[in-house]
Amino acid sequence: MRPEFNYGGQAVIEGVMMRGPDSRAVAVRRPDNTIVIDEKPVSSITSRVRPLKWPMVRGVVVLFESLVMGLQALSFSAGQAVEEEDEELTTRDIAITMIIAFALAIVLFVVVPTGATHMLTRWVPGSVLQNLVEGVIRIGVFLAYVAAIARMNDIKRVFRYHGAEHKVINAYEAGEELTVDRIQRYPTYHPRCGTSFLLIVLVVSIFVFAMLGEQVLWWRILSRILLLPVVAGISYELLKASARYENNLFFRLFAAPGKWVQRLTTGEPDDQMVEVALTALKAVLREDRGEVSVR
């Protein structure tokens with residue numbers, strides 16, 4: 001086992017995906033109440049191309065790989081949740097889904113805030129103030145989106161599995177005995193959560209975009225799209241630092257907004273949900289220790 005590896009994962013439909021250094025496992029609760037596990041080996045491109053491990057670069061790679069792995073896990077869980085085992089996404093489906101998701105994200109978090117700020121330029125003088133207003137609008141859109149989907153019953157269950165994932169990782173990192181009752185004592189907040197990462201991205205973007213000065217609308221939108229890898233790279237390093245130094249006062253204050261937003265994206269899981277998350281973690285731990293082979 002590699003103790004320095006940061007185990008983690010994501011919630012999926014009626015289940016949880018966990019990732020280790022050499023494998024990932026998706027555990028899903030089927031309608032007949034059994035738990036099915038899908039285990040696959042993982043190999044990051046950073047292990048073959050060393051420059052991709054460099055700070056500011058690795059965050060973009062990790063984000064892309066996590067998106068692909070997450071979509072595959074969601075596809076598997078969706079099929080198991082409705083007992084249709086042959087409905088997993090193909091590589092083409094994943095590519096199309098990612099393109100559509102990226103396009104929607106650009107519209108919601110780039111075009112809408114930038115266009116709205118552009119219409120306010122006569123009342124908001126100066127590029128610094130304009131970027132601040134744009135950033136506030138962007139954060140507002142994000143919070144409104146999260147609050148809206150959190151009201152959907154299916155999403156509420158996914159968010160509860162999200163809470164189960166965090167509880168299990170918190171217990172594991174604390175060296176706790178991995179039983180459901182002990183895991184339930186831990187919080188649903190975790191400093192390395194993707195929700196916190198997204199919020200950091202939104203805040204960092206304010207400072208990065210403020211350096212661009214006055215711009216016409218088309219270049220204002222294009223420049224923000226082109227700088228997304230830079231923003232993501234900076235945000236990833238800040239997320240890792242805030243998790244590593246979570247007892248430091250500065251990083252505690254820095255991480256506080258993400259902790260607040262996680263109250264929207266996580267819920268208290270029941271014991272069966274925690275059992276599913278624990279099953280996924282145990283699968284990757286066994287593979288990491290060489291106790292089983294990945295199917």
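Which of the residues belonging to the range 254-274 are surrounded by fewer than 18 Cβ atoms within 10 Å (Cβ to Cβ) and closer than 12 Å to Gly15 by Cα? Let's see the steps before the verdict.
Quick first cut of the range 254-274, residues surrounded by fewer than 18 Cβ atoms within 10 Å (Cβ to Cβ) only: 256-257, 259-260, 263-264, 268, 270-272.
If the condition is that a residue be surrounded by fewer than 18 Cβ atoms within 10 Å (Cβ to Cβ) and closer than 12 Å to Gly15 by Cα, then Gln272 is the only one that fits.
Return the residue satisfying two criteria in turn: it lies in the range 12-56 and is of a type in the set (D, E, K, R) and in a helix (DSSP H, G or I), and of such residues it is nearest to Lys282 (Cα to Cα). Explain how you work it out, then say what you get.
Filtering the range 12-56 down to residues of a type in the set (D, E, K, R) leaves 14, 19, 22, 24, 29-30, 32, 38-40, 48, 50, 53.
Then keep just the ones that are in a helix (DSSP H, G or I); that gives 50, 53.
On the way: Arg50: 29, Lys53: 27 Å.
Of everything passing the filter in the range 12-56, Lys53 is nearest to Lys282 (Cα to Cα).
Between residues in the range 72-88 that are buried (at least 19 other Cβ atoms within 10 Å of the Cβ) and residues that are basic (Lys, Arg) and at pLDDT 85 or above, which pairs lie under 6 Å by C-beta distance while being six or more apart or on different chains?
Listed pairs, sorted by first residue: Gln80/Arg30.
Every residue, every condition in (1) in contact with a Leu (Cβ under 6 Å, 6 or more places away or on another chain); (2) of a type in the set (Gly, Ala, Ser); (3) more than 23 Å from Ala73 (Cα to Cα), yes or no:
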| position | (1), (2), (3) |
| --- | --- |
| Pro125 | no, no, yes |
| Leu132 | no, no, yes |
| Arg138 | yes, no, yes |
| Val146 | yes, no, no |
| Met152 | no, no, no |
| Tyr161 | no, no, no |
| Glu165 | no, no, no |
| Asn170 | no, no, no |
| Ala174 | no, yes, yes |
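Tell me yes or no: at least one residue of the range 155-176 is in contact with a helix residue (DSSP H, G or I) (Cβ under 9 Å, 6 or more places away or on another chain), part of a loop (DSSP other than H, G, I, E, B), more than 20 Å from Phe5 (Cα to Cα) and among the charged types (D, E, K, R).
The answer is no; no qualifying residue exists.
Name the single residue that is nearest to the chain's Cα centre (by Cα) among those in the range 214-253 being buried (at least 17 other Cβ atoms within 10 Å of the Cβ) and either outside any helix (DSSP H, G or I) or free of Cβ contacts under 8 Å to residues at least 24 places away in the same chain (or both).
Step by step, filter the range 214-253, then rank; the result is Leu228.
Being part of a helix (DSSP H, G or I), surrounded by fewer than 20 Cβ atoms within 10 Å (Cβ to Cβ) and of a type in the set (Gly, Ala, Ser) is the filter here; which residues of the range 195-213 pass it?
Once the filter is applied, which keeps residues that are part of a helix (DSSP H, G or I), surrounded by fewer than 20 Cβ atoms within 10 Å (Cβ to Cβ) and of a type in the set (Gly, Ala, Ser), the range 195-213 yields only Ala210.
Looking only at the range 177-194, how many residues end up being assigned to a loop (DSSP other than H, G, I, E, B) and among the acidic types (Asp, Glu)? If you could, list the steps in order and put the result at the bottom.
Step one: list which residues in the range 177-194 are assigned to a loop (DSSP other than H, G, I, E, B), which gives 177-179, 184-193.
Now drop any that are not among the acidic types (Asp, Glu), which leaves 177.
Summing the residues that are assigned to a loop (DSSP other than H, G, I, E, B) and among the acidic types (Asp, Glu) in the range 177-194 gives 1.
Considering (1) over 20 Å from Lys167 (Cα atoms); (2) at pLDDT 95 or above, say which one Phe207 fails and leave the rest.
(2)
Keeping to the range 114-168, report how many residues are charged (D, E, K, R) and buried (at least 22 other Cβ atoms within 10 Å of the Cβ).
Selection size over the range 114-168: 4.
Take Asp22 and tell me if it is more than 20 Å from Ile225 (Cα to Cα) and either loosely packed, with under 15 Cβ neighbours inside 10 Å or among the polar types (S, T, N, Q) (or both). First the steps, then the outcome.
Values: more than 20 Å from Ile225 (Cα to Cα): yes; either loosely packed, with under 15 Cβ neighbours inside 10 Å or among the polar types (S, T, N, Q) (or both): no.
So Asp22 fails the test.
The values are calculated or read from the model by the stated rules, or taken from the named source; none is laboratory data. On a predicted model such as this, the values are computed, not experimentally measured, just so you know. Reconstructed Cβ throughout: ideal geometry from the backbone, glycine too, with neighbour counts over all protein chains shown.
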